[in-house]
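What follows is a single structure, written as structure tokens, with notes after it.
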Amino acid sequence: MFITKAPKENSMEELRKEIFDGLEPIEIVRKWFLEAKAVEPNDPDAVALSTVDSLGFPNVRMVLMRLILDDGFVFFTNYESVKASEILHNNKASFLYHWKTLRRQVRVRGEVFKEDSDLADQYFSERSLESRYGAWASRQSKMLPNKNLLHNKIEDLKKKLGNNPERPKFWGGFKLIPFEVEFWADGKYRLHDRFRWQREKIGENWTVSRLYP
Ligand SMILES: Cc1cc2nc3c(=O)[nH]c(=O)nc-3n(C[C@H](O)[C@H](O)[C@H](O)COP(=O)(O)O)c2cc1C
């Protein structure tokens with residue numbers, strides 16, 4: 001038995017208007033994100049982030065895209081994790097938002113740069129104290145023989161670091177600056193809408209095209 005769902009109109013009128021108003025794609029992502037935030041019960045900022053390993057194999061995992069800045073998108077992680085070493089080896093990456101309730105996706109491709117400035121310090125200081133100890137304690141992506149080791153390490157760090165631990169140097173942000181952004185919205189009878197923004201290089205002007213679904 002095939003699963004079918006009721007066709008639903010997901011009007012792109014507003015997006016078309018924004019294109020003609022000359023909005024930058026990152027501004028439109030921000031608008032879509034805010035609409036998603038109003039309806040998605042969990043993690044509307046969750047994205048599937050894809051990097052490539054040294055042999056060229058894609059590698060994908062979820063991260064929370066915490067900041068949408070005027071020039072790019074920032075997530076935070078451990079600089080010694082697999083994803084970080086892949087980015088440091090090859091800074092080309094892509095990520096995908098999928099907002100199920102809105103039936104929309106946004107695909108972004110670009111180049112990634114370390115964001116370990118004051119912004120990372122500020123973001124770290126705003127995390128819960130438990131999460132800050134967690135960031136200190138986790139050797140993300142390395143083998144953990146048993147979970148007690150991690151809990152014990154956190155207890156030791158609490159004593160050592162006190163109540164206001166600073167950001168560890170091995171933890172911080174990465175900013176993806178896009179050269180391609182594609183918006184997809186569900187359409188009736190699978191006649192979906194797709195609009196793709198592209199630019200040759202970061203800093204150059206965008207061109208936008210409609211794509212077949
Ligand atoms: C919804 C969701 C959000 C996540 N957000 C983050 C994040 O913001 N940063 C992070 O380092 N890991 C995050 N993770 C964990 C990653 O998916 C991944 O397991 C971890 O970062 C190790 O990935 P790596 O070995 O490829 O570096 C998240 C997982 C889920 C399911």
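The set of residues in region 46-56 that are in contact with a strand residue (DSSP E or B) (Cβ under 8 Å, 6 or more places away or on another chain) and either away from the ligand (no atom under 11 Å from the Cβ) or within 22 Å of residue 120 (Cα to Cα) (or both) comprises 46, 47, 48, 49, 50, 51, 52.
Quick one: how many residues across region 136-166 are in a loop (DSSP other than H, G, I, E, B) and among the hydrophobic types (A, V, I, L, M, F, W, C)? Before you say what the answer is, go through the steps one by one.
Filtering region 136-166 down to residues in a loop (DSSP other than H, G, I, E, B) leaves 138-146, 162-166.
Filter again for among the hydrophobic types (A, V, I, L, M, F, W, C), leaving 143-144.
The total comes to 2.
Hey, among the residues in region 81-105 that are under 21 Å from residue 116 (Cα atoms) and in contact with a Lys or Arg (Cβ under 7 Å, 6 or more places away or on another chain), which one's farthest from the ligand (Cβ to nearest atom)? Show your work before the answer.
Residues of region 81-105 under 21 Å from residue 116 (Cα atoms): 81-95.
Checking the rest, the ones that are also in contact with a Lys or Arg (Cβ under 7 Å, 6 or more places away or on another chain) come to 83, 94.
On the way: 83: 3, 94: 14 Å.
That would be 94.
Restricting attention to region 57-75, the residues that are within 16 Å of residue 123 (Cβ to Cβ) and more than 6 Å from the ligand (Cβ to nearest atom) add up to 8. On the given criteria, is residue 119 surrounded by 12 or more Cβ atoms within 10 Å (Cβ to Cβ), in a strand (DSSP E or B) and within 16 Å of the ligand (Cβ to nearest atom)? No, not satisfied.
Within region 63-91, being of a type in the set (A, V, I, L, M) and in a loop (DSSP other than H, G, I, E, B) holds for one residue alone: 69.
Yes or no: residue 82 assigned by TED's automatic domain parsing to the domain that holds residue 41 and in contact with a Phe, Trp or Tyr (Cβ under 7 Å, 6 or more places away or on another chain)? Steps first, answer last, please.
On the way: assigned by TED's automatic domain parsing to the domain that holds residue 41: yes; in contact with a Phe, Trp or Tyr (Cβ under 7 Å, 6 or more places away or on another chain): no.
In short, no.
Taking the conditions exactly as written (in contact (Cβ under 8 Å) with a residue 60 or more places away in the chain and more than 15 Å from the chain's Cα centre (by Cα)), does residue 35 satisfy them or not?
So residue 35 fits the description; yes.
Note on region 187-213: residues that are touching a Leu at 6+ places or on another chain (Cβ under 9 Å) and part of a loop (DSSP other than H, G, I, E, B) amount to 1. What is the one condition in (1) under 26 Å from residue 71 (Cα atoms); (2) modelled with pLDDT under 95; (3) not in a loop (DSSP other than H, G, I, E, B) that residue 180 does not satisfy? Going through (1) under 26 Å from residue 71 (Cα atoms); (2) modelled with pLDDT under 95; (3) not in a loop (DSSP other than H, G, I, E, B) one by one, residue 180 breaks only (2).
Can you confirm whether residue 147 is over 23 Å from residue 50 (Cα atoms) and of a type in the set (D, E, K, R)? Explain how you work it out, then say what you get.
Numbers: over 23 Å from residue 50 (Cα atoms): yes; of a type in the set (D, E, K, R): yes.
Yes; evaluated as a whole, the condition is true for this residue.
Across region 132-179, the qualifying residues are those that are away from the ligand (no atom under 12 Å from the Cβ) and closer than 19 Å to residue 60 by Cα, and the one among them that is surrounded by the fewest Cβ atoms within 10 Å (Cβ to Cβ) is 177.
Only residues that are among the small types (Gly, Ala, Ser) and touching a residue at least 24 places away in the same chain (Cβ under 8 Å): list them for region 76-103, please.
If the condition is that a residue be among the small types (Gly, Ala, Ser) and touching a residue at least 24 places away in the same chain (Cβ under 8 Å), then 81, 84, 93, 94 are the ones that fit.
The values are calculated or read from the model by the stated rules, or taken from the named source; none is laboratory data. Treat the numbers as computed from the prediction; the structure is a model and nothing was measured. Cβ coordinates were reconstructed from backbone atoms using ideal geometry, including for glycine residues, and neighbour counts include every protein chain displayed.
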